[in-house]
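Undergrad: Structure provided below as structure tokens; questions to follow.
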Amino acid sequence: MNIKLRSLVAATLAGSMLMGFGVNAMADSTDDILNALIAKGVLTEEEGALLLKGRTGEKEAAATKKESAVSPKFKDGLSFESGDGKFKAQINGRVHADYRFFNHNDNANNAAPSSSTVTNSISNAGVPDTYDIRRARLGFKTSFKDYYEGEVVADLSATSAKLDVGFINVAWWKPVQFRFGKFKMPMNLEELTSSNNIDYMERSFVNQLAPGKETGAMVHGSPFTGVTYAFATSNGVKDGGAEAEVREDGKDMYGRLTANFAEIMGNKNMVMHTGASFSSGDSPEGTIGYDGSTEAKGAKFFKAPVLANSAGAYSGIDRTRLGLEGAVAYGPFKVQAEWLKLNNEFTTPTASYDLDTKNIYAEALWTITGEAYADNYKGGAFGALKPAKDFNPNNFSGGLWEVGVRYSEFDASDYNTDGIGKGVGTADAKVTGAQGFAKADAWTVGLKFLPTANTKFVLNYVTTDFKNVIGGATGGVILNQTRVNDEKAVIMRAQWMF
């Protein structure tokens with residue numbers, strides 16, 4: 001009997017055997033059936049080996065196809081993954097749609113401004129109640145070949161689209177990884193928390209001193225359980241802007257070290273985070289430090305001085321930062337605080353300056369519905385809170401509710417000094433003095449509702465008091481032709497992220 005005939009007989013007999021053996025036989029593989037036919041003498045060993053070899057080739061081809069095939073799936077966002085898991089990709093994005101309502105109280109201690117008395121004040125043309133698309137971003141994130149990952153994000157909320165993030169990460173060794181491109185510098189817990197997941201609508205005064213996203217390179221990793229580190233160098237220009245012309249070296253250095261003692265002790269239900277960070281570099285000739293605006297994105301209350309030195313006498317502005325951070329979370333409760341000091345040192349032909357801005361915040365939060373903060377902590381930062389159960393509008397069950405309160409302080413008192421604060425002492429001809437108020441205190445009360453992991457609604461009340469006026473009677477803040485010394489704001493956000 002030739003092999004074709006034998007194969008036909010084998011196939012017929014195999015079908016009969018399957019019918020006869022019933023359900024149990026259906027569980028047998030084709031290989032098992034062929035082996036049974038060889039054992040019964042229906043097929044010779046040579047013929048069976050030939051058929052089994054063909055089956056092996058078919059299985060290998062199917063396995064290869066399965067490993068290389070990329071299949072889509074949706075879980076809190078659209079993602080793609082190859083069968084062997086060596087390629088993963090995710091399309092991500094966010095839309096933050098805001099409304100802001102402001103109430104500024106008149107400063108009864110100052111007369112209405114005139115053209116001769118506004119030169120030492122910050123003049124805000126107006127801070128209207130407004131609808132705003134705070135953020136609109138679309139990006140692509142991928143990991144491939146076990147060791148590589150990358151991300152590209154476009155910021156679509158600006159007048160014209162611009163690059164928000166773009167980097168490649170190389171992880172040949174998990175404790176020692178390398179990152180190149182535009183990404184967040186390793187400083188400030190708030191900044192390293194995604195804008196999708198920050199505790200309030202806006203970050204605190206501390207974040208106004210943080211470096212943000214810059215173009216550079218970084219080495220980072222987690223050498224031990226619960227411990228992370230990162231060292232980076234960048235152009236020293238926030239948000240990847242162009243470098244200024246007059247700088248000493250044009251590069252900044254950053255470092256951050258964190259420890260989660262709960263993780264070190266094996267406690268997965270708690271977070272005991274502590275961290276420290278620093279930066280060192282120089283600033284371009286021009287603004288010394290950073291301006292100060294309210295956390296509700298309303299009035300600008302502090303305008304930093306400007307160095308107008310000549311190139312021949314320029315000695316550079318040394319800029320350093322030092323940050324401390326801490327957070328304790330247990331179950332649905334979390335307390336968190338940060339302190340960040342920005343120092344600027346420089347010399348003009350007539351004076352030397354050593355100026356600090358020291359900002360701080362402390363906050364407490366509670367997820368009323370019981371979700372644990374430890375579940376979204378990883379790698380020295382907090383991630384996304386997710387409701388245990390999606391909101392059901394039919395019976396008003398599910399969803400995640402959170403309440404919180406935060407105190408924040410902006411302190412640039414050093415800038416209200418001789419030669420820097422306008423109206424105080426003898427001004428330095430090379431420095432255009434600071435303006436507005438050198439200090440501000442803010443309280444934020446927040447309510448947050450997440451009906452699903454991809455949607456969020458936020459309501460914040462923010463009250464800010466301006467203190468330590470710069471320039472005396474001719475200083476302070478002018479808004480809509482009226483002097484003000486505080487701001488009260490109700491801000492709301494509807495957020496979609498994936």
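The values are calculated or read from the model by the stated rules, or taken from the named source; none is laboratory data. Owing to the predicted nature of the structure, the values given are computational and were not obtained by experimental measurement. Every residue, glycine as well, gets a Cβ built from its backbone with ideal geometry; the counts of neighbours run over all protein chains shown.
Undergrad: Which residues, counting only those in region 344-375, are crowded, with 17+ Cβ neighbours inside 10 Å, of a type outside the set (D, E), within 22 Å of S277 (Cα to Cα) and at pLDDT 95 or above?
TA: T357, K358, N359, I360, Y361
Matching residues to (1) under 23 Å from A372 (Cβ atoms); (2) over 31 Å from the mean Cα position of the chain (by Cα); (3) surrounded by fewer than 16 Cβ atoms within 10 Å (Cβ to Cβ):
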| site | (1), (2), (3) |
| --- | --- |
| K389 | yes, no, yes |
| Y407 | no, no, yes |
| S413 | no, no, no |
| F437 | no, no, no |
| A440 | no, no, no |
| V445 | yes, no, yes |
| T464 | no, no, no |
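Undergrad: Give the residues of region 155-176 that are modelled with pLDDT of 95 or more and part of a loop (DSSP other than H, G, I, E, B), sorted by residue number.
TA: Matches in region 155-176: P175 only.
Undergrad: I'd like the full set of residues that are more than 24 Å from G83 (Cβ to Cβ), in contact with a strand residue (DSSP E or B) (Cβ under 7 Å, 6 or more places away or on another chain) and free of Cβ contacts under 8 Å to residues at least 24 places away in the same chain, limited to region 144-167. Outline the logic, then answer.
TA: Within region 144-167, the first condition is being more than 24 Å from G83 (Cβ to Cβ), and the residues that meet it are 152-167.
From the residues that got through so far, the ones that are in contact with a strand residue (DSSP E or B) (Cβ under 7 Å, 6 or more places away or on another chain) too are 152-157, 161-167.
Across region 144-167, the qualifying residues are V152, A154, D155, L156, A161, K162, G166, F167.
Undergrad: Does V484 meet the test of being assigned by TED's automatic domain parsing to the domain that holds P128, buried (at least 19 other Cβ atoms within 10 Å of the Cβ) and either of a type in the set (A, V, I, L, M) or touching a residue at least 60 places away in the same chain (Cβ under 8 Å) (or both)? Break it down stepwise before answering.
TA: Values: assigned by TED's automatic domain parsing to the domain that holds P128: yes; buried (at least 19 other Cβ atoms within 10 Å of the Cβ): yes; either of a type in the set (A, V, I, L, M) or touching a residue at least 60 places away in the same chain (Cβ under 8 Å) (or both): yes.
Spelling it out, V484 is indeed assigned by TED's automatic domain parsing to the domain that holds P128, buried (at least 19 other Cβ atoms within 10 Å of the Cβ) and either of a type in the set (A, V, I, L, M) or touching a residue at least 60 places away in the same chain (Cβ under 8 Å) (or both).
Undergrad: To continue, here is another question. Search region 62-90 for residues being surrounded by fewer than 12 Cβ atoms within 10 Å (Cβ to Cβ) and of a type in the set (D, E, K, R), and hand back the single one that is modelled with the lowest pLDDT. Step through it out loud before you land on a result.
TA: First, pick out the residues of region 62-90 that are surrounded by fewer than 12 Cβ atoms within 10 Å (Cβ to Cβ): 62, 65, 69-75, 85.
With the extra rule that they be of a type in the set (D, E, K, R), the set shrinks to 65, 73, 75.
On the way: K65: 63, K73: 74, K75: 71.
Result: K65.
Undergrad: Hand me the list of strands (runs of 3 or more DSSP E) wholly inside region 319-433 holding 3 or more residues that are farther than 24 Å from G476 by Cβ and among the small types (G, A, S).
TA: On the way: elements: 333-347, 352-367, 400-411.
Passing ranges, in order: 352-367.
Undergrad: Give the residue that is surrounded by the most Cβ atoms within 10 Å (Cβ to Cβ), with candidates limited to residues of region 194-229 that are closer than 16 Å to M253 by Cβ and touching a Leu at 6+ places or on another chain (Cβ under 8 Å).
TA: Of everything passing the filter in region 194-229, A210 is surrounded by the most Cβ atoms within 10 Å (Cβ to Cβ).
Undergrad: Let me confirm something: among R203, R179, which residue is of a type in the set (K, R) and not in a loop (DSSP other than H, G, I, E, B)? Talk me through it step by step, then tell me what you get.
TA: Working: R203 fails: not in a loop (DSSP other than H, G, I, E, B).
Residue meeting the stated conditions: R179.
Undergrad: Let me ask something else. Within region 260-289, how many residues turn out to be outside any helix (DSSP H, G or I) and crowded, with 18+ Cβ neighbours inside 10 Å? Give the derivation first.
TA: The first filter runs over region 260-289 and keeps only residues outside any helix (DSSP H, G or I), leaving 260, 265-289.
Now narrow it down to the ones that are crowded, with 18+ Cβ neighbours inside 10 Å: 260, 270-273, 275, 277, 279, 281-285, 288-289.
Looking only at that region, the number is 15.
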